[in-house]
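Structure first, then comments.
The values are calculated or read from the model by the stated rules, or taken from the named source; none is laboratory data. Because the structure is predicted, anything quoted here is derived from the model rather than measured. Here Cβ is always computed from backbone atoms with ideal geometry, including for glycine, and neighbour counts include all displayed protein chains.
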Amino acid sequence: MKKILFLCSILALVSCKNDKGNNKDTQEITDSNFTEVEDDQEHEVLEFKVLDSKYLEKDILWSPFEIELYKVTEKKYDSLKSIILEKSVTELQKAIAEEQLTYEELTLFYLYRMRKLDRENDLSLNAVIAVNPNVLTEARLKDRNYKNTANKSPIYGIPVLLKDNINTSTMPTTAGSVALQGNTTPNAFITNKLEESGAIILGKANLSEWAYFFCKDCPSGYSAVGGQTLNPYGRRIFDTGGSSSGSAVAVAANFAPLAVGSETSGSILSPSSQNSLVGLKPTIGLLSRTGIIPISSTLDTPGPITKTVMDNAILLSAMAGRDTSDTKVYADSIKVTTDYYSALTDTTSLRGVRLGVIKELTQDSLYSRAINELKKIGAQIVEFEAEAIELENFLRLLNLDMKKDLPDYLERYGKRIEVRSVEDIMTFNMEDSVQRAPYGQGLFEGIVKDNATAKEFQAIKDTLKIRGKRFFDIPMKEHYLDGILSINNYHAGFAAVAEYPAITVPMGYDDIGEPKGLTFISIPYSEQNLLRWAYAYEQESQQRKPPKDYSK
C-alpha cells in the first residue's frame, strides 16, 4: 500500500491520491524499457461505486453536431491523425498556415474523437462533461477571418477545454454537482481573456466534484454529473489525480490540445503528473478567479494543463490580465508579463541556476535521473534536509473559506438555481443520495460544523502562510537557491499556503508504467523562470510518451 505523505493525508480531498508513497522501488527507466499497461488482469484494478454518469446522455451531448459528425468518415478522421495527434500549438498553427488543415477541421476532429472514444466503450475515460454548441460556428469564423486578422495570438483558433468550475455563457457550470446542472452564467474573466486572444472554447472537462472538497472517501475524478474519469495510461489501474482530472485526461488522450484546470492544493499538479503532462499552478492572484466556483478565496487559482512547456506558456499568456475585482489581484507596482512564451525558445542552458534537492526524495530513481539531466544543462544542484513543518488547521482554512465563498458565488451567479449554501446542497443531495452523493458528503458536513471568529480565522491564515514560506525560504536563503525540486504534488500544500507558484513536467514512468512529474517551485511571480527551467529540462529529457491506446 502507498504510504501517505502528511500533506496528502490532510488534503487527499483537494489534491490528490498522488502521494509521496508512490516510490515503488522504481528502477531506471529508459526509452527502450518504457512500460505500457496492456492487461488489466496483471494489475490491481480500481473499483468504483459509479463508473458512468446517470445524468449525462451521450446522444444529447452530441446532438448539436449530428449532421457535421455524420459527414466525417473514418477515412477522413484517420487522414488527419498524423497532422493533429500529439502536435503542439505551434505545429498545429504551422499546418493551418500551410493549408494542410483548417480550424473547422481541427475542431471537428476533436469532436469526432471525443464522441468515438470518451464514453460508453472499452476505452472510455469520461473526461468531457459538456461541449460548446457553438464551437463549429466559431471555428468557421476563425477560418474566414484568418487572412484578415493581423498580429494573431499563438492561440488563435485553437480549441481549449475548461474545467467545469469555470463559468461559460454557452454551457452550464456545474462543478460536477447535480444541484448546479441549471447554473447558466456569464463568462468568467479568464474565459473572456481566452476568447479575446482568439481561442475557441471547445467544452467543459469533468472534475472531482466540487473540486474534491465534497466527499471524504470518494476517488479522484468522480462527479455525479460527469461520472468517473479514468487514466489513459492505466484505465481503472492508475489514479487520475484530482481535482482537475478531466482537464488532464482529455489532453493526455488527445481530446483537446489544451485545457484549463484549477488548484487549491495540488489540483493541477496532481492530475498533470499522473497523466504525463505539464501543469502550472501560478502565483495566487496572477490569473483572475472571478467567475470560478470557489473552495478558498485565499488559495484558489486557475492554471494551464498541456503536453509541452511552450504550450503551457502560450495558454498562460492567453489567460493573463489584471482583474481589479479579484481580492488577490497583484499591485500595480508588480511587473508581470502577458507573453511567457517568446523568451523560451533560446532557453537550453540552466548555467548559474541553483536548484535545491530534497534529500529524502533522492531515493526515487526517476528524481535522481532528472537531477543528473539538470546537471548536464548547467544547473547547480544543492541537496538539503527538508524542514519538519506541519500545516496545522489547513482543513479549517478551507472549511471557513468555502463556508463564505461558495454562498457569495451562488448569490452572484446562481440566478437559475435554488441552492444558496452548503447546507442547501446537502439537503438537495439527500433527496436521492444514491445517485447524487454515492460516496457521502463528509467534507461538506465538516464545513457546516466549523466556525471561527474573524480574528481566529485570520490567525489561521497568517500562521499557515508563515509556515509554508518557512518550508521553502529557509533552505533557499541558506543555500542561495533559485528554486526547489519536488515530485508530483508532494509539496503542493506548502506552495499553496505560501502562495508560491509551481510547475510539473513529465520525468518518466515507474516500473509498471505509472507517470511521474518533476516539480519546480519558486517565489511569487517567478513564472517566467519556472517555465524557462521546465522548458530546458523538457528539451534535455524528452520524457513524455503518449498513452498507447490513445495515440493512434
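The residues in the range 110-135 that are in a helix (DSSP H, G or I), under 20 Å from V260 (Cα atoms) and not basic (K, R) can be counted, and the count is 4. Select from the range 136-153 the residues that are touching a Ser or Thr at 6+ places or on another chain (Cβ under 7 Å) and either among the acidic types (D, E) or in a loop (DSSP other than H, G, I, E, B) (or both) and list them in ascending order. Scanning the range 136-153 gives D143, S153.
In the range 240-261, what residues are farther than 24 Å from L111 by Cβ and either surrounded by fewer than 24 Cβ atoms within 10 Å (Cβ to Cβ) or of a type in the set (S, T, N, Q) (or both)? Explain how you work it out, then say what you get.
At the first step, the residues of the range 240-261 found to be farther than 24 Å from L111 by Cβ are 241-243.
If the condition is that a residue be farther than 24 Å from L111 by Cβ and either surrounded by fewer than 24 Cβ atoms within 10 Å (Cβ to Cβ) or of a type in the set (S, T, N, Q) (or both), then S243 is the only one that fits.
Just one of (1) surrounded by 14 or more Cβ atoms within 10 Å (Cβ to Cβ); (2) more than 25 Å from K216 (Cβ to Cβ); (3) of a type in the set (D, E, K, R) fails for D405. It is (2). Considering only residues in the range 414-473 that are over 30 Å from S522 (Cβ atoms), of a type in the set (K, R) and surrounded by fewer than 18 Cβ atoms within 10 Å (Cβ to Cβ), the one that is farthest from the chain's Cα centre (by Cα) turns out to be K455. Taking the range 378-407 as the range and being in a strand (DSSP E or B) and of a type in the set (V, I, T) as the test, the residues that pass are I381, V382.
Of the residues examined, S526 is not one that is in contact with a Phe, Trp or Tyr (Cβ under 9 Å, 6 or more places away or on another chain) and surrounded by 23 or more Cβ atoms within 10 Å (Cβ to Cβ).
Among residues of the range 518-547 that are under 23 Å from N254 (Cα atoms) and among the acidic types (D, E), those with a Cβ under 7 angstrom from a residue that is at pLDDT 95 or above and not in a loop (DSSP other than H, G, I, E, B), sequence gap 6+ or separate chain, pair up as E538/V309; E538/V505.
Has the range 363-372 got at least one residue that is exposed (fewer than 14 other Cβ atoms within 10 Å of the Cβ), more than 27 Å from L316 (Cα to Cα) and at pLDDT 95 or above? Walk me through how you get there before you give the answer.
Of the range 363-372, the ones exposed (fewer than 14 other Cβ atoms within 10 Å of the Cβ) are 363, 372.
Right, trim to more than 27 Å from L316 (Cα to Cα) and you get 363, 372.
If we keep only those that are at pLDDT 95 or above too, we end up with 363, 372.
Yes, the range 363-372 contains a residue that is exposed (fewer than 14 other Cβ atoms within 10 Å of the Cβ), more than 27 Å from L316 (Cα to Cα) and at pLDDT 95 or above.
Looking across S342, S333, one residue alone is under 24 Å from the mean Cα position of the chain (by Cα), over 25 Å from S273 (Cβ atoms) and in a loop (DSSP other than H, G, I, E, B). It is S342. One residue alone among Y537, Y480, Y490 is at pLDDT 95 or above, crowded, with 23+ Cβ neighbours inside 10 Å, assigned to a loop (DSSP other than H, G, I, E, B) and in contact with a strand residue (DSSP E or B) (Cβ under 8 Å, 6 or more places away or on another chain), and that residue is Y490. Candidates are the residues of the range 383-402 that are touching a Pro at 6+ places or on another chain (Cβ under 8 Å) and closer than 26 Å to G483 by Cβ; the one that is surrounded by the fewest Cβ atoms within 10 Å (Cβ to Cβ) is E387.
Among the residues making up the range 81-109, those that are within 28 Å of G227 (Cβ to Cβ) and either outside any loop (DSSP other than H, G, I, E, B) or charged (D, E, K, R) (or both) are K81, I84, E86, L106, T107, L108, F109.
In the range 412-460, of all residues being in a helix (DSSP H, G or I) and charged (D, E, K, R), the one that is nearest to D217 (Cα to Cα) corresponds to E445.
For R420, the stated conditions hold: it is more than 30 Å from L531 (Cα to Cα), in contact with an Asp or Glu (Cβ under 8 Å, 6 or more places away or on another chain), free of Cβ contacts under 8 Å to residues at least 24 places away in the same chain and basic (K, R).
Residues are listed down the side, and each one gets a yes or a no for (1) among the polar types (S, T, N, Q); (2) within 21 Å of the chain's Cα centre (by Cα); (3) under 24 Å from G242 (Cα atoms):
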{"site": "K116", "(1), (2), (3)": "no, no, no"}
{"site": "R119", "(1), (2), (3)": "no, yes, yes"}
{"site": "K147", "(1), (2), (3)": "no, no, no"}
{"site": "N165", "(1), (2), (3)": "yes, yes, yes"}
{"site": "T170", "(1), (2), (3)": "yes, no, no"}
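The set of residues in the range 511-542 that are within 29 Å of K116 (Cα to Cα) and over 19 Å from the mean Cα position of the chain (by Cα) comprises I512, G513. Inside the range 493-504, residues that are small (G, A, S) and either part of a strand (DSSP E or B) or within 18 Å of A536 (Cβ to Cβ) (or both) make up a count of 1. Would you confirm whether any residue within the range 505-513 is in a loop (DSSP other than H, G, I, E, B), among the small types (G, A, S) and within 22 Å of G241 (Cβ to Cβ)? Yes.
Just to be sure before I move on: is E538 in contact with a helix residue (DSSP H, G or I) (Cβ under 6 Å, 6 or more places away or on another chain) and under 23 Å from T338 (Cα atoms) in the structure I sent? Quick ask: steps written out before the conclusion?
Details: in contact with a helix residue (DSSP H, G or I) (Cβ under 6 Å, 6 or more places away or on another chain): yes; under 23 Å from T338 (Cα atoms): yes.
Judged against the criteria, E538 is a match.
Considered as a group, the residues in the range 185-229 that are touching a residue at least 24 places away in the same chain (Cβ under 8 Å) and of a type in the set (D, E, K, R) include one that is nearest to D52 (Cα to Cα), and that residue is E209. Of all residues in the range 455-467, those that are touching a residue at least 40 places away in the same chain (Cβ under 8 Å) have Cβ atoms under 8 Å from Cβ atoms of residues that are of a type in the set (S, T, Y), 6 or more apart or on another chain, in K461/T298. Within the range 84-96, residues that are at positive phi reach partners that are crowded, with 17+ Cβ neighbours inside 10 Å with beta carbons closer than 6 Å, at six or more positions or on different chains, in the pairs E86/P546. Screening the range 97-119 for residues that are basic (K, R) and without any contact (Cβ under 8 Å) to a residue 60 or more places away in the chain and picking the one that is farthest from D59 (Cα to Cα) gives K116.
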